[in-house]
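The values are calculated or read from the model by the stated rules, or taken from the named source; none is laboratory data. Predicted, not measured: the structure shown is a model, and the values here were computed from it. Every residue, glycine as well, gets a Cβ built from its backbone with ideal geometry; the counts of neighbours run over all protein chains shown. Side chains included, ligands, DNA and RNA excluded: accessible areas come from the protein's heavy atoms. Shrake-Rupley method; radii C 1.70, N 1.55, O 1.52, S 1.80 Å.
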Amino acid sequence: MPTESFIILAVFAVLVIVVYAIYRFRTRKKRKEKLKNAKIKRKVNNLSKTKVEMSPSEFIALRAQTFGGRGSRLHDKLNFEGVYVLFNRTKNKYYVGQGKQVLDRVNMHFTGKGNGDIYADYKYGDDFTIKIIGLKRSGYRTLNALERDAIATFDACAKGYNKTKGNRN
């Protein structure tokens, strides 16, 4: 009798090990994806933390300083290629966009030529902040990749103003 119980226990142990191995194998992809997403979120959060956060009125004042037209040193220096993060503090909603000339692109949202929902919320008094992340020293090769990761990091598609998860390369 003891040998039969030993055999049953051994078979049961092998079965548990096999089931566990199958489970780990099947969930490996999800774990890798979670780790990758966490790394991307940390990278984008770190990029956005190092950037100046400003209100739309501060942004408009900064933008006004650059008007010497295209070709002026300040305009060319500040109007770089990058991604911007607009945060509606009143509604706790994000919008992430990109621009080859980021100052011009952000300006569009607060003058009624960009996302209509953002302009309406701004016009009716919602409190916004603006962060701008330059492509040049971000570690990303394309604006599309940086924008996609920023949209995912700030959950701007599911819970924000973005209607898509970003452009594909």
*How high is the FRET efficiency from Thr111 to Lys159, r the C-beta distance, R0 30 Å, rounded to 0.05?*
0.75
*Arrange the peptides 134-141, 82-89 so that the one whose residues have, on average, the most other Cβ atoms within 10 Å appears first.*
82-89, 134-141
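Can you tell me which of 8-17, 32-41 comes out highest on packing, and rank the rest after it, using the mean Cβ neighbours within 10 Å? Numbers along the way, then the final one.
Values: 8-17: 10.0, 32-41: 11.6.
Highest-to-lowest ranking by the protection proxy: 32-41, 8-17.
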*asked:* Quick check: Cα centre of the range 42-65 to Cα centre of the range 98-119, how many Å?
replied: 14 Å
*So, in nm, how far is label Phe25 from label Phe6 when the simple model puts each one 7 Å beyond its Cα toward the Cβ?*
3.0 nm
*Note the listed values [x] 40; [y] 15; [z] 37, then indicate which one is percent of Cα pairs over 27 Å apart calculated from this particular structure.*
[x]
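Relative contact order, percent, of the chain when contacts are C-alpha pairs under 8 Å separated by at least 6 residues? Don't jump to the answer; show the numbers that get you there.
Values: 201 pairs, mean separation 40.6, N = 169.
Result for the chain is 24 percent.
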*Hey, what do the phi angles of the range 97-113 turn into as Karplus ³J(HN,Hα) couplings, whole Hz, using 6.51/-1.76/1.60 and θ = phi - 60°, x for Gly and Pro?*
x, 9, x, 5, 10, 5, 4, 4, 5, 5, 4, 4, 5, 9, 10, x, 10
*Calculate what fraction, in whole %, of the accessible area of the chain sits on carbon and sulfur atoms when a 1.4 Å probe is rolled over the protein chains.*
57 percent
*Structure-based [θ]222 nm, the chain - -39500 (n - 2.57) summed over DSSP H runs of at least 4, per residue, nearest 500*: -18000 deg cm²/dmol
*Can you list the residues, at least 5 places off or on another chain, whose amide H is less than 5 Å from the amide H of Lys93, using H built in the peptide plane?*
Asn88
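Please find the FRET efficiency linking Thr129 to Val16, where r is the Cβ-Cβ separation and R0 is fixed at 41 Å, and quote it to the nearest 0.05.
Numbers: r = 53 Å, r/R0 = 1.28.
Step by step, r from the Cβ atoms, then E = 0.20.
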